Amino acid sequence: MTIGRMENVEVFTAEGKGRGLKATKEFWAADVIFAERAYSAVVFDSLVNFVCHTCFKRQEKLHRCGQCKFAHYCDRTCQKDAWLNHKNECSAIKRYGKVPNENIRLAARIMWRVEREGTGLTEGCLVSVDDLQNHVEHFGEEEQKELRVDVDTFLQYWPPQSQQFSMQYISHIFGVINCNGFTLSDQRGLQAVGVGIFPNLGLVNHDCWPNCTVIFNNGKIELRALGKISEGEELTVSYIDFLNISEERKKQLKKQYYFDCTCEHCQKKLKDDLFLGVKDNPKPSQEVVKEMIQFSKDTLEKIDKARSEGLYHEVVKLCRECLQKQEPVFADTNIYMLRMLSIVSEVLSYLQAFEEASDYARRMVDGYMKLYHPNNAQLGMAVMRAGLTNWHAGNIEVGHGMICKAYAILLVTHGPSHPITKDLEAMRVQTEMELRMFRQNEFMYYKMREAALNNQPMQVMAEPSNEPAPALFHKKQ
């Protein structure tokens, strides 16, 4: 099932980290080190009627499986391709009388595949599902309770005529899903739509400042180089977003993935001074800074509540008030300020208040550029959104500059064939043309732009969600 190139990597024992993967040759930015199809994957419970269960693309109209009435597909081709993996699921759902949650569906799909092919290495896999880490021994009381519930439900769902697995093996598979489940995104990479197990990817260790990134594209994941990688160098990806102080990142990694991060950025607390940056002249007292951090945290909680209730004007009001208070205290790279700028620019764009949104978006990008790795996928997406906002606001020069910058980043992180990169290329060509027109005759440009916008519906930004950007690995919250 793996799409080759596994000769580019080899398994080794990484000091203090267990197994890892290292490069067997030199790589440069944007190189695809390997691609891999999922061993097994499922659509999230909340999206089963909106996303194809084979290719994970969002579609307006989907065909439904006539037998179980649960699985949905783009067309007959996707339905035919799915049958090997759906056959057992189809009859199990009919026998069970309802559809179990995504975790149980994924565990069952993995075990039906093990039943078909055995537990050894499948073609192109460097590690078997049996040998992936499960961390069940590190589960806390709450996680142990959830595991017991999942195992009980699984046993009711699992057909009596299928191969019977031990309780220990079933727990192992749930543990593997818990710490190796990879988030699958829709075709444009903007929304998390499912979760899958990719055994080779499971061998890639974490680093907060990694040399690789992972992208889901056209039914497979690609491990892509972010810069020059030497032969023999360990390949790493970041399991979490970098935008946090080292102490918080370490806490998150320990809680979700059960290890202590020893990467250089965490050990040396690199960029922590920027994340908590304060104004220089005059420098605020420690007391004032502490109060402002607390005020920002309280405001973020109020914002979450307002967002979940769809009260977007209230969100904007809270952000404006908070930013006004933060201004004299925080530097432009301070994470509490950047979180406000990110939320307010996104919500104002959704409300089509592009002019105000564009200023906030610019400030956010300026901060991000000083913090993120220059080829970070999340940076690329943020710059793209800020570019669009500025274009909508009529700031054609700034908008075009940001769209070009985002395009350069996404060529590395997503590659030229990814739908979002193609969209961005079309925007880049369009804004370049508009910019030429703008420089030749500003008055005519605005007249034509106004007419064009009146004739076509404005491209409205997606409704802001409370969900963060799709994380690399899927964790049950």
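The values are calculated or read from the model by the stated rules, or taken from the named source; none is laboratory data. Bear in mind that the values here come from a model prediction, so they are computed numbers and not experimental data. Reconstructed Cβ throughout: ideal geometry from the backbone, glycine too, with neighbour counts over all protein chains shown. Just so you know, the surface numbers come from the protein's heavy atoms only, side chains and all, with ligands and any DNA or RNA stripped out. Shrake-Rupley method; radii C 1.70, N 1.55, O 1.52, S 1.80 Å.
Going through (1) touching a residue at least 60 places away in the same chain (Cβ under 8 Å); (2) over 30 Å from residue 250 (Cα atoms); (3) part of a helix (DSSP H, G or I); (4) not polar (S, T, N, Q) one by one, residue 124 falls short only on (3). Before we move on, is residue 335 open to solvent by less than 10 Å² (accessible area, probe 1.4 Å), more than 29 Å from residue 215 (Cα to Cα) and within 25 Å of the chain's Cα centre (by Cα)? When the stated conditions are applied, residue 335 does not pass them. Of the numbered criteria (1) of a type outside the set (D, E, K, R); (2) within 20 Å of residue 100 (Cα to Cα); (3) under 28 Å from the mean Cα position of the chain (by Cα); (4) open to solvent by 60 Å² or more (accessible area, probe 1.4 Å), the one residue 181 fails is (4).
Checking each residue in segment 198-239 for being of a type in the set (A, V, I, L, M), closer than 27 Å to residue 130 by Cβ and part of a loop (DSSP other than H, G, I, E, B) picks out 204, 235. Filtering 80, 17, 22, 57 for residues that are free of Cβ contacts under 8 Å to residues at least 24 places away in the same chain and basic (Lys, Arg) leaves a single hit, 80. When we screen 377, 386, 406 for residues that are touching a Ser or Thr at 6+ places or on another chain (Cβ under 9 Å) and open to solvent by less than 20 Å² (accessible area, probe 1.4 Å), the only hit is 386.
The set of residues from segment 31-49 being surrounded by fewer than 17 Cβ atoms within 10 Å (Cβ to Cβ) and either among the charged types (D, E, K, R) or assigned to a loop (DSSP other than H, G, I, E, B) (or both) comprises 37, 45, 49. The listed residues are 189, 118, 124, and the only one of them that is on the phi > 0 side of the Ramachandran plot, at pLDDT below 90 and surrounded by 21 or more Cβ atoms within 10 Å (Cβ to Cβ) turns out to be 189. Close Cβ contacts (under 7 Å, 6 or more residues apart or on different chains) running from residues in segment 426-444 that are closer than 9 Å to residue 400 by Cα to residues that are acidic (Asp, Glu) and in a helix (DSSP H, G or I) comprise 435/397.
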